[in-house]
1. Just one of the numbered conditions (1) touching a Gly at 6+ places or on another chain (Cβ under 9 Å); (2) not in a helix (DSSP H, G or I) is not true of Ser79; which one?
2. Among the candidates Glu54, Glu87, Glu60, single out the residue that is more than 20 Å from Leu144 (Cβ to Cβ), under 31 Å from the mean Cα position of the chain (by Cα) and either in the same structural domain as Phe133 (by TED's automatic domain parsing) or not aliphatic (A, V, I, L, M) (or both).
3. Is it the case that Phe113 is aromatic (Phe, Trp, Tyr) and closer than 17 Å to Pro53 by Cβ?
4. For the range 28-53, enumerate the residues that are β-branched (Val, Ile, Thr) and at pLDDT 70 or above.
5. Between Leu38, Leu56, Leu110, which is in a helix (DSSP H, G or I) and surrounded by 15 or more Cβ atoms within 10 Å (Cβ to Cβ)?
6. On the basis of being at pLDDT below 95, of a type outside the set (Gly, Ala, Ser) and surrounded by 20 or more Cβ atoms within 10 Å (Cβ to Cβ), does Leu96 make the cut?
Amino acid sequence: MKSVGAKNLQYMGDRVYYSIIITIKGVELEYKKIQDGLIVIDFSCNRFEGDIPEILGNLEGLRVLNLSNNAFTGHIPSSFANLTQLESLDLSQNKLFGKIPPELVQLNFLSNFTVSHNCLTGPIPQGQQFGTFPNTSFEDNRGLCGRPLSKSCGDSDISTPPPSTFEENRSPKLFFEFGWKVVVLGYGCGFVFGVVIGHIVTTRKQDWLIKIFGKKQRQTRISRVNLQVNRRK
């Protein structure tokens with residue numbers, strides 16, 4: 001794979017030919033016989049994780065590299081710029097972040113490039129083959145900007161990330177707890193305030209209350225006596 005091409009086109013094996021189905025440029029192709037010049041790495045649809053090894057950039061004879069549908073993290077290796085014979089690079093459906101290395105613009109034979117469904121950010125490199133890739137090559141990377149996407153690199157990301165499940169689950173509960181505490185606090189303060197005011201009224205205004213109710217009672221007695229005297233007359 002470190003060789004830049006086969007001198008004479010031959011098929012692998014002497015008497016036994018190997019057949020293989022490979023996804024190249026989004027299309028499944030079946031090869032009845034494997035050519036020496038067909039240098040392909042297809043590790044798609046596995047559970048590989050961690051950073052993509054920088055050493056892959058030493059495989060200068062590589063024509064197709066498919067690492068899609070895995071759990072790779074980290075950045076796209078800038079060493080991929082050494083893969084001058086590369087025709088197809090598929091890194092979609094991973095967890096890659098950071099910027100697309102601008103050095104990849106140097107890959108003149110690159111006719112298929114897909115990094116959709118990752119966490120990439122920054123401007124998309126411009127020029128050479130990158131001017132031919134469609135929107136679908138970069139979709140579902142909220143931080144990417146520039147052509148062919150409609151989002152300009154000068155625009156701010158209008159869309160805000162949705163609240164986490166933790167926040168969604170906690171918010172109603174917190175609101176309920178807060179409201180319940182306010183009600184209890186208000187009830188307690190009101191009760192204490194009422195007791196204090198009642199105590200002040202009953203202690204300081206006791207004489208005033210006695211005068212009022214005592215005067216009414218005397219008036220009632222006088223009225224009854226006058227009524228009895230009038231009846232006797």
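The values are calculated or read from the model by the stated rules, or taken from the named source; none is laboratory data. Fair warning: this is a prediction, and the values are worked out from it, not measured in the lab. For neighbour counting, all protein chains shown are included, and Cβ atoms are generated from backbone atoms with ideal geometry for every residue, glycine included.
1. (2) is the only condition that Ser79 fails.
2. Just a single option satisfies the conditions, and that option is Glu54.
3. no
4. Once the filter is applied, which keeps residues that are β-branched (Val, Ile, Thr) and at pLDDT 70 or above, the range 28-53 yields Ile39, Val40, Ile41, Ile52.
5. That would be Leu56, the only listed residue that is in a helix (DSSP H, G or I) and surrounded by 15 or more Cβ atoms within 10 Å (Cβ to Cβ).
6. When the stated conditions are applied, Leu96 does not pass them.
Quick grid of which residues meet (1) within 22 Å of Ile76 (Cα to Cα); (2) under 18 Å from the mean Cα position of the chain (by Cα); (3) at pLDDT 85 or above:
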residue	(1), (2), (3)
Gly127	yes, no, yes
Phe133	yes, no, yes
Asp140	yes, yes, yes
Leu144	yes, yes, yes
Leu149	yes, no, yes
Ser159	no, yes, no
